[in-house]
Amino acid sequence: MKRASLGTDNISTLQCAARKNIPMKMESCSMMMNRILAVFSVMQLGLFPIMAQKEELQTGIAGQKVILNCKGITPEAAVTWKYYATVVRWFTSNILKGKGKAPMTDRSEMDQNNKSLMVSDLRLSDAGRYSCECESRLVVTISLHVFELTISLNGHFLPNEAPELSIMQNSSNSQPDLSIGLFNNHNNTETPEILRKEAPRKYILKLKQLQPKDSGTWRCHIHSDSPLTNQNIVFDLKVLGFQNPALETKYATVDSTVILSWHLNFQEIKWKEGFTGQLNWKPQRNATSYMLFDFNVTAWGKLYLTKKSSPFLFEEPTMGSSGVLEVKLKKVQFKHSGQYQIQLVYNRRYVQSKIELLVMKVSANPVGPLARGAEMTLLCQVSSPLPPNAHLCWEHVNGTQMDVKKSKQHEAKVEVTVSTAGLWNCHLIEDNNRKISLNYTVEEAPAWISYRVIAVSTGASVLVFGVACLCIITGMSWQRRRQRAKRMALARQHWLENKTCQCQHRLN
């Protein structure tokens, strides 16, 4: 309206100048008046934009959707969206609408109310200039800048594997150099290794070796100064593995029940790929392994298990809703000790976790009640050598400090000699923490048993003494007979020699 009043004022000024006979050529005055009237008419009819349209910059991410807005358009307006000069979609009314032949046409939709264009499953090749025209009048031009981020192995990894990220860009204008920041699933900054930089179009980054705790949503921040761009791309990394450590030790006593458990994380990280697994048992170090069972888990999380023949019986393994696989061993024996190793296999790659089962037992020599004055040796042992930070310890309950016996470093057993009845406990201590304990009660023999033992001992001593005396007497008698026989043989030899000599003398 302001511009219209200015146009009127200019016309009045010209008319006033004509009245005052100001020197001016009629032809120039007429041309200026025609131009002003033409501009005024165009502004009034709205056939020319008040301001020149500026190209807008918009960014999109490959694989996602982008919405291009055509601002200031009424629902009844006829709109055509073009990709460069090729029609994407057009709309005249609810009845008259259609699509063109642009590459992304089949992945696009136009909102009938605000006339915005939505392109789904965006591709790197969709970058370029998009224009919105209303009744042959250009409303807006948008330069779409597309970024594409791809992850090696489709984002599914096993522990200690290092992903590679590839970041590409495409636009209608010159492509800027990018500054790339990376944030992990805890929103902490990561510093990847740049493997290859084909700037400005392509960047390849290598991340650190992953662990199951790194599973989750990561964020890549892309920045450029000209044109000013700040784009976040989120992506998921899934690391299949265990919540257990790679190797842990489980302690048990003989005849007890022990549960071996492995916490698989496939449900927590929403792993959508199938994988297989098996449980192996190795009784001793460097010994033959036995497969106890194998299993497979489908992409929907369904477990199928096949039990194999094994040297001992165990209950059917179970897996709860939290992904914990449990194996129950009843009445554990010393021979059941060893390494239980579970292995998960995905795409011919595997990860494993081991549980070392260490079994403790105690025994006495001799077995039975302890007679008065007698001694007994108590033995406590475990199925494998202990680490440097662990040891065995016999402790006499209600005893003194002298009634404690510890094993030497790396030894798998400890002995203690007792001469009195009472309760003895054997403890396995690791880092000053008691892991397991097993007790042995030394019972005192009744008095009559003690007297009988004494009598038997005395009788045995007398018997031994008598046998010894008899042996001595027999030996002496045998020695005398031997000496007598030797003298008689010697005398006979002398007699024969003398007789021979006499015969020879007579002959002479």
Scope the stretch 103-134; condition under 20 Å from residue 55 (Cα atoms) and small (Gly, Ala, Ser); matching residues: 116, 125, 127, 128, 131
Selection count, the stretch 375-398, where residues are crowded, with 16+ Cβ neighbours inside 10 Å and over 22 Å from residue 250 (Cβ atoms): 6
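Here's the yes/no breakdown for (1) closer than 25 Å to residue 154 by Cβ; (2) part of a strand (DSSP E or B); (3) of a type in the set (A, V, I, L, M, F, W, C); (4) at pLDDT 90 or above:
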| position | (1), (2), (3), (4) |
| --- | --- |
| 280 | no, yes, no, yes |
| 286 | no, no, no, no |
| 295 | yes, yes, yes, yes |
| 311 | no, no, no, no |
| 315 | no, no, no, no |
| 327 | no, yes, yes, yes |
| 332 | no, no, yes, yes |
| 341 | no, yes, no, yes |
| 357 | no, yes, yes, yes |
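Residue-by-condition table, conditions (1) on the phi > 0 side of the Ramachandran plot; (2) without any contact (Cβ under 8 Å) to a residue 24 or more places away in the chain; (3) of a type in the set (D, E, K, R):
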| position | (1), (2), (3) |
| --- | --- |
| 192 | no, no, no |
| 198 | no, yes, yes |
| 214 | no, no, yes |
| 253 | no, no, no |
| 260 | no, no, no |
| 291 | no, yes, no |
Answer from 122, 144 - the residue that is in contact with a Gly (Cβ under 7 Å, 6 or more places away or on another chain), in a loop (DSSP other than H, G, I, E, B) and open to solvent by less than 30 Å² (accessible area, probe 1.4 Å): 122
Filter result for residue 210 (in contact with a Pro (Cβ under 9 Å, 6 or more places away or on another chain) and open to solvent by less than 20 Å² (accessible area, probe 1.4 Å)): yes
Residue in the stretch 401-417 that is out of contact with any Pro (no Cβ under 8 Å at 6 or more places or on another chain), among the hydroxyl-bearing types (Ser, Thr, Tyr) and modelled with pLDDT of 85 or more present: yes
Meets criteria (within 21 Å of residue 356 (Cα to Cα) and among the polar types (S, T, N, Q)) for residue 267: no
Matching residues in the stretch 61-107 - criterion: being free of Cβ contacts under 8 Å to residues at least 40 places away in the same chain, within 53 Å of the chain's Cα centre (by Cα) and either over 16 Å from residue 118 (Cα atoms) or assigned to a loop (DSSP other than H, G, I, E, B) (or both): 85, 86, 100, 101, 102, 103, 104
Matching residues in the stretch 213-244 - criterion: being open to solvent by 50 Å² or more (accessible area, probe 1.4 Å) and among the aliphatic types (A, V, I, L, M): 228, 234
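The values are calculated or read from the model by the stated rules, or taken from the named source; none is laboratory data. None of these values were measured; they are calculated from a predicted model. For neighbour counting, all protein chains shown are included, and Cβ atoms are generated from backbone atoms with ideal geometry for every residue, glycine included. Ligands, DNA and RNA are stripped out before the accessible areas are found, and what is left, the full protein with its side chains, is counted by its heavy atoms. Shrake-Rupley method; radii C 1.70, N 1.55, O 1.52, S 1.80 Å.
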